[in-house]
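The structure appears below as structure tokens.
The values are calculated or read from the model by the stated rules, or taken from the named source; none is laboratory data. What you see is a predicted model, and the numbers here were worked out from it, not measured in a lab. Glycine gets a Cβ as well: all are built from the backbone with ideal geometry, and neighbour counts include every protein chain shown. With ligands, DNA and RNA removed, areas are computed over all heavy atoms of the protein, side chains included. Shrake-Rupley method; radii C 1.70, N 1.55, O 1.52, S 1.80 Å.
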Amino acid sequence: MRASIYVLSIFFLISFKITAQKKIDQQEVYTVIKKSSQLVKKYYLSLKTGKLISTLLEEKLKDGNYDSIENASQLTTQLTKDLRAINGDMHMSVHYSPKTIAKKTTNNFQLNLRGEKSNYGFDEVKILDGNIGYFKISHFSNGDFFEEHKKVVDSAFDFIKHTDALIIDVRNNKGGYEAIVGYLISYLVESKTHLSDYYVRFNNTKTSLWTTQKLPRKKMPKIPVYVLTNSFTASAGESLAYMLKHMKRGLVFGEITVGAGNGAMKHRVTDNFTVTISSEETINAVTKTSFEGIGVKPDFIVKSELAFYKAYQFGLNQLKKKYKEHESYYTKIIELLPLHGKVSLDKKSLQKYLGNYRGKGLEITIIENNQILYAMITGQKGKYRLIPKNKEEFVVENIKERIRFVFNDKGQVIKLMGIDSPMNLIKQQN
């Protein structure tokens, strides 16, 4: 189960900010580059490409391209860039990670953000209107937390066991332990299923990832599944979308993903630096290839900010067709969705909505902040974001109400009316 090599998050292993400008001497620069070059040649998943990367590093070192480097930040930035220069492999990277700091912070809150402090990546588990389940997963933890992470997956599926569809949101998910992806998919298939193979060139080994047949909670092999991605979805986050798409077990909505499909290993090259090297080729059981370098192409390509609404709307429409006797119920929910398409309102256009609106004991003030409209109700605390469906109609975020601005023949806003309520407010003149 890939016990020694993880599909790492591209951005998870970050340099400590307090030491980013740590001064380093040329001897350490030399050592880091030489050892990185040797390790790439030995461990990179392709011997041919590994030699090309190694040669590039050696030539740049010989030509003095690293002579001006004075601190850790400069070295990690430049060397990471050079490691990726040949083929754009996003898992190739160098990090400033002193042994002393790592040792002191082993049980630190910051390092446990991949575990219980982040609920193992499950940021949200909820049931949307229309009885559609929703998972927001920011990462897939790592191998150290595998057993605990499985319990969170179990609980998540137990919570949504009576739902009619499921949205899995991996936008901005940078990856983690791929075995968790396999365990999650286990809840969505009936029988034991082969998902991927992983080949490691340097020791000529191959391992496989299969779904788990016996689970502690109810399986949901027939529930419609919709996966949300964006251009920052990487590694194991991409694997979830890629596997479900090619198994024909889920539809993908959003943007083409990063394309970080290889498995990687972290190696310590000095007391202060580590290098991460792609050492494992992923081979999907269906496609016999992977998304490395090309990303996962969604079934429905939409901008990241629209992906949720498009998938949610699609799911509701499917349920409306399935449960025709409840068509009006699903139609009502669809009408309340904030975005049916991209509505662009620039700062100048927003000015016409601003002001005070009064009528029958109610006063609402419309304000603008960072090109977003908000409604403030006199006598109440807080403000409500207004999300445009078109230039007249807006959805009031969180309260499931629609409003309409009424224009006169000069294009000026004169009224604010409720679509789902009898509200009728007159705009006050300055």
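Go through segment 121-135 and give me each residue that's crowded, with 19+ Cβ neighbours inside 10 Å and not in a strand (DSSP E or B).
Once the filter is applied, which keeps residues that are crowded, with 19+ Cβ neighbours inside 10 Å and not in a strand (DSSP E or B), segment 121-135 yields GLY121, GLY130.
Within segment 77-115, restricting attention to residues that are modelled with pLDDT of 90 or more and either polar (S, T, N, Q) or closer than 30 Å to LYS151 by Cα (or both), which residue is surrounded by the most Cβ atoms within 10 Å (Cβ to Cβ)?
HIS91
What single numbered condition from (1) at pLDDT 95 or above; (2) open to solvent by 20 Å² or more (accessible area, probe 1.4 Å); (3) farther than 24 Å from LEU337 by Cα fails to hold for SER118?
In the conditions (1) at pLDDT 95 or above; (2) open to solvent by 20 Å² or more (accessible area, probe 1.4 Å); (3) farther than 24 Å from LEU337 by Cα, SER118 misses (1) alone.
Would you point out the residue of segment 355-400, among those that are in contact with a Phe, Trp or Tyr (Cβ under 9 Å, 6 or more places away or on another chain) and either free of Cβ contacts under 8 Å to residues at least 12 places away in the same chain or of a type in the set (D, E, K, R) (or both), that is farthest from GLU305 (Cα to Cα)?
Of everything passing the filter in segment 355-400, GLU363 is farthest from GLU305 (Cα to Cα).
Can you tell me which residue among LYS60, LYS51 is open to solvent by 40 Å² or more (accessible area, probe 1.4 Å), under 14 Å from SER279 (Cα atoms) and either of a type outside the set (Phe, Trp, Tyr) or within 34 Å of the chain's Cα centre (by Cα) (or both)?
The match here is LYS51.
When only residues in segment 137-152 that are modelled with pLDDT of 95 or more and either in a loop (DSSP other than H, G, I, E, B) or of a type in the set (Ser, Thr, Tyr) (or both) count, which is least open to solvent (accessible area, probe 1.4 Å)?
That would be HIS139.
Among the residues of segment 222-270, which ones are at pLDDT 95 or above and closer than 30 Å to GLN26 by Cα?
If the condition is that a residue be at pLDDT 95 or above and closer than 30 Å to GLN26 by Cα, then HIS267, ARG268, VAL269, THR270 are the ones that fit.
Taking strands (runs of 3 or more DSSP E) that do not extend beyond segment 199-304, which have at least 2 residues that are open to solvent by 10 Å² or more (accessible area, probe 1.4 Å) and touching a residue at least 24 places away in the same chain (Cβ under 8 Å)?
205-210, 263-268, 273-284
Looking only at segment 382-430, count how many residues are polar (S, T, N, Q) and either surrounded by 14 or more Cβ atoms within 10 Å (Cβ to Cβ) or part of a strand (DSSP E or B) (or both).
Residues flagged as polar (S, T, N, Q) and either surrounded by 14 or more Cβ atoms within 10 Å (Cβ to Cβ) or part of a strand (DSSP E or B) (or both) within segment 382-430 amount to 1.
Using beta carbons and a limit of 6 Å, which pairs, at least six apart or on different chains, have the first residue in segment 42-63 and free of Cβ contacts under 8 Å to residues at least 12 places away in the same chain and the second one in a helix (DSSP H, G or I)?
Listed by first residue and then by second, the contacts come to GLY50/VAL40; GLY50/LYS41; LYS51/LYS41.
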